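Trainee: Take a look at this one; I'll ask things after.
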Ligand code: T3D
């Protein structure tokens, strides 16, 4: 029996999806991309899952498209992206639960895009990111042209893409490509601890927050204000809000996790 390309486990409301092709630095073939998207959809539907973590097995996070898997491919590049990478990135950004990309090692090409696509990005000390596409004379895809300039500005994004320079963890943090760096030795436990903090937060309010931020990225202030007013009604009508206010008045921690 061959190894599954995605390993999945749930602990304390945190679903961890591990890209599992370590001898190829988790380079993505179609099986991996489709399985990861499927797992994310299943996590969305599973009420026991409150946070999703995407990480890699071995010393790499994801080396992008598996270059051994492209020759003789029946699909055009456009068809392939629309069939595999684009649904994956859309699923991550559209998921009604926080997604953490836990970058344990090198993230290159579409693997860099995947690393950037998380709502929260946590890096190990030995993690790095390379917009490697121009090394093989391709255009950055899978969302890199959208994510990177928003994080680092146009010119820095262009430079990283044109020169395919490796960004190490210290520079990744400085440039805003990740929120936190953790030591390699404790990385997986540190990610789990962080994810459990998120899992204890109000899930419905976070889902609406994610929705509001996604829409605000391409809207005017006026539109954002209108949307906030609508979404605030949905949040305010939810039991989580009542629990938060009651807990505040009773001077205790709110309990946002309920069975069923
Ligand atoms: O639809 C479409 O097809 C278009 C979509 C494109 C999306 C893309 O992602 S294009 C970009 C594709 N990725 C790359 O070009 C990255 C190629 N890899 C590298 O540049 C380097 O491997 C890294 C900088 C990522 C890491 O370097 P290093 O020195 O740490 O590791 P290594 O020794 O190069 O790699 C270790 C093994 O993984 C090695 O195999 P071996 O020699 O031990 O048997 C290497 O061949 C393999 N590997 C690494 N990346 C890939 C890969 N195998 C297949 N595909 C890869 N992308």
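Trainee: Does residue 229 fit the bill of being in a helix (DSSP H, G or I), surrounded by 12 or more Cβ atoms within 10 Å (Cβ to Cβ) and either out of contact with any strand residue (DSSP E or B) (no Cβ under 7 Å at 6 or more places or on another chain) or not assigned by TED's automatic domain parsing to the domain that holds residue 90 (or both)?
Mentor: So residue 229 does not fit the description; no.
Trainee: So, residue 224, is that one in a helix (DSSP H, G or I), touching a strand residue (DSSP E or B) at 6+ places or on another chain (Cβ under 8 Å) and surrounded by 15 or more Cβ atoms within 10 Å (Cβ to Cβ) or not?
Mentor: No: the conditions fail for residue 224.
Every residue, every condition in (1) assigned to a strand (DSSP E or B); (2) closer than 30 Å to residue 186 by Cβ, yes or no:
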site	(1), (2)
58	no, yes
74	no, no
79	no, no
87	no, no
97	no, yes
107	yes, yes
111	no, yes
118	no, yes
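Trainee: Among all residue pairs at least 6 apart or on different chains, which show Cβ distances below 9 Å where the first residue, located in segment 81-105, is on the phi > 0 side of the Ramachandran plot and the second is more than 10 Å from the ligand (Cβ to nearest atom)?
Mentor: Between residues of segment 81-105 that are on the phi > 0 side of the Ramachandran plot and residues that are more than 10 Å from the ligand (Cβ to nearest atom), there is no close pair.
Trainee: Separate question: Of everything in segment 131-156, what is within 18 Å of residue 178 (Cβ to Cβ), surrounded by fewer than 21 Cβ atoms within 10 Å (Cβ to Cβ) and free of Cβ contacts under 8 Å to residues at least 40 places away in the same chain? Give them in sequence order.
Mentor: If the condition is that a residue be within 18 Å of residue 178 (Cβ to Cβ), surrounded by fewer than 21 Cβ atoms within 10 Å (Cβ to Cβ) and free of Cβ contacts under 8 Å to residues at least 40 places away in the same chain, then 146, 149, 151, 152, 153, 156 are the ones that fit.
Trainee: Residues in segment 48-62: is at least one farther than 30 Å from residue 210 by Cα and either surrounded by fewer than 18 Cβ atoms within 10 Å (Cβ to Cβ) or within 11 Å of the ligand (Cβ to nearest atom) (or both)?
Mentor: Looking through segment 48-62, at least one residue is farther than 30 Å from residue 210 by Cα and either surrounded by fewer than 18 Cβ atoms within 10 Å (Cβ to Cβ) or within 11 Å of the ligand (Cβ to nearest atom) (or both).
Trainee: Can you name the residue in segment 83-127 that is under 18 Å from residue 35 (Cβ atoms) and either over 12 Å from the mean Cα position of the chain (by Cα) or at pLDDT below 95 (or both) and is also farthest from the ligand (Cβ to nearest atom) among such residues?
Mentor: 87
The values are calculated or read from the model by the stated rules, or taken from the named source; none is laboratory data. The model shown is predicted, which means the values in this text are computed figures rather than measured ones. A quick note on method: Cβ atoms are made from the backbone with ideal geometry, for glycine too, and the neighbour counts reach across all protein chains shown.
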